[in-house]
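Report on one structure; see the data block that follows.
Read-outs throughout are calculated quantities, based only on the coordinates presented, and are distinct from any laboratory measurement. Quick caveat, the model's predicted, so the values are computed rather than measured. Note that we place each Cβ from the backbone using ideal geometry, even for glycine, and neighbour counts take in every protein chain shown.
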Amino acid sequence: MDFVEGEILAFDKPLHWTSFDVVNRVRSMLCRALGVKKLKVGHAGTLDPLATGVVIVCTGKQTKHIDELMNHTKEYEATLQLGATTPSFDLEHPIDATYPTQHITRQLIDEVLPTFMGEQWQVPPVYSAVKINGKRAYEYARKGQQDTIEIKPKLLVIDEIELLHFDAETVQLTIRVVCSKGTYIRALARDIGERLHSGAHLIALRRTRVGDYTLDKCITIEQLQQQLTENK
């Protein structure tokens, strides 16, 4: 592999890592292995720390394709806890409200999920990197200033949404989602909860595909390190 000329690598991001953690680790490993001080490395699409799965990393001259790769369709598997919300719509923050779930049935879920197909206007989470007046939305949220800002909805497309599993006892459901760039699955969880006349937040998220890059084509940080060691 010629990392200076440019490579496109697909990684299975570990839980609790940021996408920048992956980039920084890859850059450090490659610079050390190649004996260089600098190397262009970037990722094609952020994945939340509490999510795992496909993150595309480009090196060298391939970084010019980052914008193109970011526009590719994404696929996710997400598990939602119904009946409760959190400020971030995931497990980053504790539950802030609870809602009834006795009325939620498999039939109701089957009726609600298809309503998210096609073009959708989605309001991004306040705990997100959306820019407002030059600052990230999460910067306002962390200072308790979320009520002072307005996050505008964004147009996105959901190509597929499928119920994979529903546990009536725990009121948890797992869905598969194929969607466009800019879709916040945390916000989708919030909206599904609302349309079920309840609440919801993400308890697990895995990105299974970015364009043609699927999980089975991904490597781990450890595997890259092993390859670099073997090629010395």
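Brief remarks follow.
- This ranking places HIS165, HIS72 by how few other beta-carbon atoms lie within 10 Å of each, fewest first, which gives HIS165, HIS72.
- Extension gain for GLU68 to LYS135 (0.36 nm times residue separation, less C-alpha to C-alpha distance): 21.6 nm.
- Structure-based [θ]222 nm, the chain - -39500 (n - 2.57) summed over DSSP H runs of at least 4, per residue, nearest 500: -6500 deg cm²/dmol
- Treating r as the C-beta distance of LYS181 and GLN102 and R0 as 35 Å, the FRET efficiency rounds to 0.40.
- The fewest-to-most ranking of SER128, SER180 by surrounding Cβ atoms within 10 Å reads SER180, SER128.
- Aspartates and glutamates whose Cα lies under 18 Å from that of LYS38, excluding same-chain neighbours fewer than 8 positions away: ASP2, GLU5, GLU7, ASP21
- Each semi-axis of the equivalent ellipsoid for the chain is √(5λ) with λ an eigenvalue of the Cα gyration tensor; in descending order they amount to 35, 20, 16 Å.
- GluC sites (Glu not before Pro) restricted to DSSP loop in the range 112-167 with at most 11 other C-beta within 10 Å: GLU150
- The range 4-68-the range 85-135 distance, computed between alpha-carbon centres (Å): 29
- Net charge, SER88 excluded, C-beta distance under 12 Å - Lys, Arg +1, Asp, Glu -1: -1
- Taking the square roots of five times each eigenvalue of the Cα gyration tensor of the range 74-210, the equivalent ellipsoid has semi-axes of 24, 18, 13 Å, listed largest first.
- Legend: ranking of residues VAL23, VAL210, VAL4 from fewest to most surrounding C-beta atoms inside 10 Å; resulting order VAL4, VAL23, VAL210.
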